[in-house]
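Enquirer: The following block contains the structure, expressed as structure tokens.
The values are calculated or read from the model by the stated rules, or taken from the named source; none is laboratory data. This is a predicted model, so every value here is computed, not measured. Quick reminder, even Gly has a Cβ in these numbers, built from the backbone with ideal geometry, and neighbours come from all protein chains shown.
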Amino acid sequence: MKMKLFHSTRSPFVRKAVVAAHESGQISDVEIVTGDPHGVDQALLEANALSKIPALITEDGVALPESDLICLYLDERSGGGILIPVAGPARWRTFRLQALADGFMEAAVDRRSEALRPDGERSNTTLARLMDRMLRCLDALEAETALLGNPRNLGSIATAVACSYADFRYPDLDWRTARPGLAAFFAEYDLRPSMQATRLFE
């Protein structure tokens, strides 16, 4: 039985998990199915009581919510050390990069949701606060570009997906100008087959 990954299009967190499956050589073992996090999707709820995507059901029937858990599972399933270093400072640097990239994506998704609220309900203060958080995360990733050398590393994967989501949802952000290291990293990483194969999830 294949692993079952619940997705919806345009989710950066789904894309992170799918790119990780590609980069760890496991994409052929994953069945990608649609899940509706905004409705009452019973199959998705059984996989993730939070009704959030992505969610993964392993071959053994274990339901894993959240992209970080899914990526941990994929790394262990691949033998360990493929996506995440097994131990030592490199392991924690990888988790730090992932956390910064995830922080950007969370703020970017939340900001879009706030921007789509009706007039009178939308908070300019909240929009500004979330944009500040997005920019701080990008600045922190720029400072860490020396750690982004291994394309199969989860920190590199999450960072590339975050940059792509910035382009997709915030085309006027101009994040590259003040972050040349991050821009150079993404220009190269975005050409990888794993990124090309996951355009659906932008």
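Enquirer: All but one of (1) charged (D, E, K, R); (2) more than 30 Å from E144 (Cβ to Cβ); (3) assigned to a helix (DSSP H, G or I); (4) free of Cβ contacts under 8 Å to residues at least 12 places away in the same chain hold for E46, so report the exception by its number.
Expert: With (1) charged (D, E, K, R); (2) more than 30 Å from E144 (Cβ to Cβ); (3) assigned to a helix (DSSP H, G or I); (4) free of Cβ contacts under 8 Å to residues at least 12 places away in the same chain applied to E46, the lone miss is (4).
Enquirer: Confirm whether T126 is out of contact with any Cys (no Cβ under 9 Å at 6 or more places or on another chain) and either of a type in the set (K, R) or in contact (Cβ under 8 Å) with a residue 24 or more places away in the chain (or both).
Expert: no
Enquirer: I would also like to ask the following. What number of residues in the stretch 115-152 are over 18 Å from R169 (Cα atoms) and of a type in the set (A, V, I, L, M)?
Expert: Total meeting the criteria: 6.
Enquirer: On to the next question. Just one of H22, H38 is in a helix (DSSP H, G or I) and either surrounded by fewer than 23 Cβ atoms within 10 Å (Cβ to Cβ) or not small (G, A, S) (or both); which is it?
Expert: Going through H22, H38 in turn, the sole match is H22.
Listed here are the residues, each with its yes/no results for (1) surrounded by 23 or more Cβ atoms within 10 Å (Cβ to Cβ); (2) touching a strand residue (DSSP E or B) at 6+ places or on another chain (Cβ under 9 Å); (3) without any contact (Cβ under 8 Å) to a residue 40 or more places away in the chain; (4) not in a helix (DSSP H, G or I).
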residue	(1), (2), (3), (4)
E142	no, no, no, no
R152	no, no, no, yes
A162	yes, no, no, no
L173	no, no, yes, yes
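Enquirer: What is the one condition in (1) surrounded by 21 or more Cβ atoms within 10 Å (Cβ to Cβ); (2) at pLDDT below 95 that D119 does not satisfy?
Expert: (1)
Enquirer: Residues being within 17 Å of A20 (Cβ to Cβ) and touching a Ser or Thr at 6+ places or on another chain (Cβ under 8 Å): count how many of those fall in the stretch 101-127.
Expert: 2
Enquirer: Moving to a separate point now. Please work out if L100 is touching a Leu at 6+ places or on another chain (Cβ under 6 Å), at pLDDT 95 or above, outside any helix (DSSP H, G or I) and not charged (D, E, K, R).
Expert: Answer is no for this residue.
Enquirer: Follow-up question, since we're still on this one. Here are some residues: L147, L154, L173. Which one is over 17 Å from the mean Cα position of the chain (by Cα), closer than 30 Å to T34 by Cβ and of a type in the set (A, V, I, L, M, F, W, C)? Walk me through how you get there before you give the answer.
Expert: Numbers: L147 fails: closer than 30 Å to T34 by Cβ; L154 fails: over 17 Å from the mean Cα position of the chain (by Cα).
The unique qualifying residue is L173.
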